[in-house]
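The values are calculated or read from the model by the stated rules, or taken from the named source; none is laboratory data. Owing to the predicted nature of the structure, the values given are computational and were not obtained by experimental measurement. Neighbour counts run over all protein chains shown; Cβ positions are idealised from the backbone, glycine included.
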Amino acid sequence: MFDIRSVARFAATVLTAPVMLVNAQQPAVQAPATPVVDTAVDNGIRMLVSRLELEKYKATIKGLTQYGDRRHGTKRNRDAVDWIEAQLKSYGCANIERITYEYAPPARPAGGGGGGGGGARPAQPAGTVIGTTPANGPGGSRQRGVRTRTGVNNDSLAQTDPKLRALNAEPTTPGQRQQVVCTKVGTTRPDEMYIVGGHMDGHGWGEAANDDGSGTAIVMELARIFSNPDVTTERSIRFALWNNEETGLNGARAYVEQRQALQGIENPRGSGKYPEPKWLGMIQHDMMMFDHGMPNPDGSMRKEQRPEADVNIEFQSNSKMSAESQKLAWILHAANEKFATDYPATVGPHMTNTDSGPFQDLIAAISLRENERGAQVGAGWDPQWHQVTDVYATYSDADFRLGLNAAQTTLSAIAQLTGAKLKKP
Ligand SMILES: [Zn+2]
């Protein structure tokens, strides 16, 4: 379970972890512990961040959308898992593993409590104004201003593109599921790791480009950059592409059930190998691109990304690890201020309905999103959510760039927390 000493390590790591250029031929020169602002550290991180490119991020999202909405329990979902695994392999990411579990749907549809559930098409179409008086939202949030209808589209005919309609035609069936993870193994602390996640499944008869191609692509892009042979980290990083999020976080729950007790165990003994390093924190990415503001009074949305768009970093204030999670959230916030190129970040207390949930009482757990999940997405701020319109072509470069800024935020924070180093060419 959680070790309180790892909390102290957050702060200690940020102050002391040397992320800097080192000559491969010479031993690394330790950066001074103070002052906190160290140009060698910053330059090393900046070089890593510069390897995140808008076109590469877009190409990874595009690659995922070739499997339609990637609904769990279908061939298009399994094909997407295969494709993700092949990409991770091509990046040189180590210890690629498949986690297998059984999924049986609940007797009754999960409803809104579990990441969207399998709910039916709403009686009123998405985007319909349902009120302007404040209301309670998911995760303990408070929704204010114009609220519009949300829900899951289950109407195949709502998808007007016949090719995409055919691609998404196979219905889900219960049974075995797989999800893929890979790991950057730490040099001096291979027994400790941060988990960086996004969910590769979606639904709604579109392409699940934003929910959650946008978060999945962040995890894959970070796996690519950290797996480059000229990058080392002291601690390990696990990249997790969860399945079955939309049914109630079942992939992440299966991971916690299967792996929690294995943390930090050297296996085989004396080998220096840790199949399940101790969990130091979990950072989830879910719906990263669309921040066009509150719906207009008539329920319509502004066409462009709003100039005030931001990356929403959330922790759950009533979880057992709330204090530790909040600390982690502020570390990402500081990393954003220093290293993100375009959009700022905000921190909020109502993390909910995503794969960091199963971790929130065990370790520091946060989610990054385009908007607050409870107060904003839940009130209709993302009209593509679980709809046929969540396709690659819907989004502009300003939208994709918001996702890229979230990638910059997590990459720079994780580089600090794991003691990343970059060899000189
Ligand atoms: Zn999602």
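Pairing each residue of the range 236-252 that is under 27 Å from Ala420 (Cβ atoms) and assigned to a helix (DSSP H, G or I) with any residue that is of a type in the set (S, T, N, Q) and within 12 Å of the ligand (Cβ to nearest atom), provided the two are 6+ apart or on different chains, yields C-beta distances under 8 Å for Ala252/Ser356.
Suppose we keep only residues that are surrounded by fewer than 18 Cβ atoms within 10 Å (Cβ to Cβ) and charged (D, E, K, R) within the range 289-313. Which one would you say is farthest from the ligand (Cβ to nearest atom)? It comes out as Asp298. Tallying residues that are buried (at least 18 other Cβ atoms within 10 Å of the Cβ) and not in a helix (DSSP H, G or I) within the range 392-410 yields 1. The set of residues from the range 267-288 being touching a Ser or Thr at 6+ places or on another chain (Cβ under 6 Å), of a type in the set (A, V, I, L, M, F, W, C) and within 16 Å of the ligand (Cβ to nearest atom) comprises Met282, Ile283, Met288.
Being assigned to a loop (DSSP other than H, G, I, E, B), β-branched (Val, Ile, Thr), within 22 Å of Glu276 (Cα to Cα) and more than 16 Å from the ligand (Cβ to nearest atom) is a condition met by no residue of the range 220-231.
Annotation: Glu324 fulfils all but one of (1) surrounded by 18 or more Cβ atoms within 10 Å (Cβ to Cβ); (2) away from the ligand (no atom under 16 Å from the Cβ); (3) assigned to a strand (DSSP E or B); the unmet one is (3). Of all residues in the range 226-268, those that are at positive phi and among the aliphatic types (A, V, I, L, M) total 1. For the criterion of being assigned to a strand (DSSP E or B), away from the ligand (no atom under 16 Å from the Cβ), surrounded by 14 or more Cβ atoms within 10 Å (Cβ to Cβ) and modelled with pLDDT of 95 or more, Ile130 fails. Total residues in the range 160-176 satisfying the condition of being touching an Asp or Glu at 6+ places or on another chain (Cβ under 9 Å) and closer than 12 Å to Gly206 by Cβ: the figure is 3.
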